[in-house]
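The values are calculated or read from the model by the stated rules, or taken from the named source; none is laboratory data. This structure is a prediction, so every number in the text was calculated from the model and none was measured. With ideal geometry, Cβ positions are generated from the backbone for all residues, glycine too; neighbour counts draw on all protein chains shown. Just so you know, the surface numbers come from the protein's heavy atoms only, side chains and all, with ligands and any DNA or RNA stripped out. Shrake-Rupley method; radii C 1.70, N 1.55, O 1.52, S 1.80 Å.
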Amino acid sequence: AILKASLDIFDQAGIHKLREKSLKLTSYLEFIFNDVVQKFPDVQLEIITPSDPHQRGAQLSIKLIGTDKSFFEQLTKAGVISDFRSPDVIRLAPAPLYNSFEDVYRFGEILNSLLAEWK
């Protein structure tokens, strides 16, 4: 019954519309991330996921160059739900059914604030 309810929600939303939103959300996340990070040349965070939307899923993998899991922990404390992969990768995945463009924008504000403090 629980699975059927979940599948009904996906069916109502439409898989093609969800994929379209997913592509846009992930591209917007990439834009926001790059826009914020370029303001902090001393901080080395790098997207290692392909920039071509057709070569990636609905997530971006971020390599934490010269830092450790503590940056991930700071993101988590600030309310960003992400995934950490040892030794130095954070995965950000905006879910098109649940996340909005405003959520991605707020992530950018959080990232900007954390990087400003990180310096």
Can you tell me which residue among Ser61, Ser22 is among the polar types (S, T, N, Q), assigned to a strand (DSSP E or B) and surrounded by 12 or more Cβ atoms within 10 Å (Cβ to Cβ)? Ser61
Report, by residue number, each residue of the range 52-82 that is among the acidic types (Asp, Glu) and either farther than 21 Å from Lys24 by Cβ or modelled with pLDDT of 95 or more (or both). Asp68, Glu73
Kindly list the number of the only condition in (1) over 12 Å from the mean Cα position of the chain (by Cα); (2) open to solvent by 40 Å² or more (accessible area, probe 1.4 Å); (3) free of Cβ contacts under 8 Å to residues at least 60 places away in the same chain that fails for Arg56. (2)
Of (1) part of a helix (DSSP H, G or I); (2) touching a residue at least 24 places away in the same chain (Cβ under 8 Å), Ser70 fails just (2)
Regarding Ile32, is this residue open to solvent by less than 20 Å² (accessible area, probe 1.4 Å) and either modelled with pLDDT of 90 or more or among the aliphatic types (A, V, I, L, M) (or both)? yes
Cβ-Cβ under 9 Å, sequence separation 6+ or interchain: first residue in the range 85-112 and within 14 Å of Glu73 (Cα to Cα) and without any contact (Cβ under 8 Å) to a residue 40 or more places away in the chain, partner acidic (Asp, Glu) and surrounded by fewer than 17 Cβ atoms within 10 Å (Cβ to Cβ). Which pairs? Pro87/Asp68; Asp88/Asp68; Ile90/Asp83; Arg91/Asp83
Only one of Leu45, Leu64, Leu18, Leu25 is of a type in the set (A, V, I, L, M) and touching an Asp or Glu at 6+ places or on another chain (Cβ under 6 Å). Can you tell me which? Leu64
Select from the range 83-119 the residues that are among the aromatic types (Phe, Trp, Tyr) and in a helix (DSSP H, G or I) and write down the one among them that is nearest to Thr26 (Cα to Cα). Phe101
Qualifying positions in the range 74-93 - farther than 13 Å from Phe33 by Cα and not aliphatic (A, V, I, L, M): Gln74, Thr76, Lys77, Gly79, Ser82, Asp83, Phe84, Arg85, Ser86, Pro87, Asp88
Which one of these is among the charged types (D, E, K, R), farther than 24 Å from Glu102 by Cα and either open to solvent by 40 Å² or more (accessible area, probe 1.4 Å) or out of contact with any Gly (no Cβ under 6 Å at 6 or more places or on another chain) (or both): Lys39, Lys17, Lys4? Lys4
So is Thr49 of a type in the set (Ser, Thr, Tyr), exposed (fewer than 15 other Cβ atoms within 10 Å of the Cβ) and either touching a Ser or Thr at 6+ places or on another chain (Cβ under 6 Å) or farther than 12 Å from Leu29 by Cβ (or both) or not? no
Got a number for residues in the range 57-74 being among the aromatic types (Phe, Trp, Tyr) and touching a helix residue (DSSP H, G or I) at 6+ places or on another chain (Cβ under 8 Å)? 1
